[in-house]
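Heads up: the structure comes next, in structure tokens.
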Amino acid sequence: DNVQATRLAVKHLIALGHRRIGFLSGPIRTISRRERLEGYKSALAEADLSTEGGLVWEGVPSTRYGDAEAFELGRQGAQGLLSHSNPPTAIFAINDYYAFGVYAGARDMGIHIPSDLSVVGFDDIALTQVVDPPLTTVRQPIAQVARAAVERLVGRLEGSYTGPCDHQTLMSQLIVRGSTTRLQDS
């Protein structure tokens, strides 16, 4: 549930006192990215906070794909968001690779995580635990997703499942690590 998972992450930042929370993504063309943006906006609206003032950064399309592009777009997005006259104190990145790019962009600008900027990613890939500080992120239930997909595929192959593809919602979990902290002014 991308909407609820993102709401959970953004509400964590709000609970830490952050009021200017950036949203950083590449092109928002996929369902998961649209749902994550919806969750971000929903959490801010519930807290009576605005998304105005340059808080949403959407990277430009590119011919390159993969982790290297995500990292570089994260760097560019961080520098774009943090260059505003009233920059965010926290950034939610669309995935962990973008979040790693935020680390690099912030470092390039002399901004320290988490004392100057809190960062949350999405996916909980293995590298989230080895970056410094370890990344707070949303853990997707990958094993459950894989199991559900295999069960449906096997059911189709064996002929025991012939209905239309149904939708199953699986819940994610916020993993709090060292990249988020209470805002010093609150």
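The values are calculated or read from the model by the stated rules, or taken from the named source; none is laboratory data. Keep in mind it's a predicted model, so treat the numbers as computed, not measured. Positions of Cβ are generated from backbone atoms using ideal geometry, with glycine treated the same way; all protein chains shown enter the neighbour counts. Side chains included, ligands, DNA and RNA excluded: accessible areas come from the protein's heavy atoms. Shrake-Rupley method; radii C 1.70, N 1.55, O 1.52, S 1.80 Å.
Residues of the range 104-127 that are in contact with a helix residue (DSSP H, G or I) (Cβ under 8 Å, 6 or more places away or on another chain) and within 18 Å of Val10 (Cα to Cα): Ile113, Asp116, Leu117, Ser118, Val119, Val120, Gly121, Phe122, Asp123, Asp124.
Out of the range 126-159, which residues are surrounded by 15 or more Cβ atoms within 10 Å (Cβ to Cβ), closer than 20 Å to Ala90 by Cβ and not hydroxyl-bearing (Ser, Thr, Tyr)? The answer is Val131, Pro133, Pro134, Leu135, Val138, Arg139.
What do you reckon, is Gly105 closer than 21 Å to Ile125 by Cα, more than 12 Å from the chain's Cα centre (by Cα) and either open to solvent by less than 50 Å² (accessible area, probe 1.4 Å) or not aliphatic (A, V, I, L, M) (or both)?
Values: closer than 21 Å to Ile125 by Cα: yes; more than 12 Å from the chain's Cα centre (by Cα): yes; either open to solvent by less than 50 Å² (accessible area, probe 1.4 Å) or not aliphatic (A, V, I, L, M) (or both): yes.
Yes: the conditions hold for Gly105.
Does Glu58 meet the test of being of a type in the set (D, E, K, R) and touching a Pro at 6+ places or on another chain (Cβ under 8 Å)?
In short, yes.
Looking across the range 156-173, the residues that are at pLDDT 75 or above and either of a type in the set (Lys, Arg) or more than 27 Å from the chain's Cα centre (by Cα) (or both) come down to Leu157, Glu158, Gly159, Ser160.
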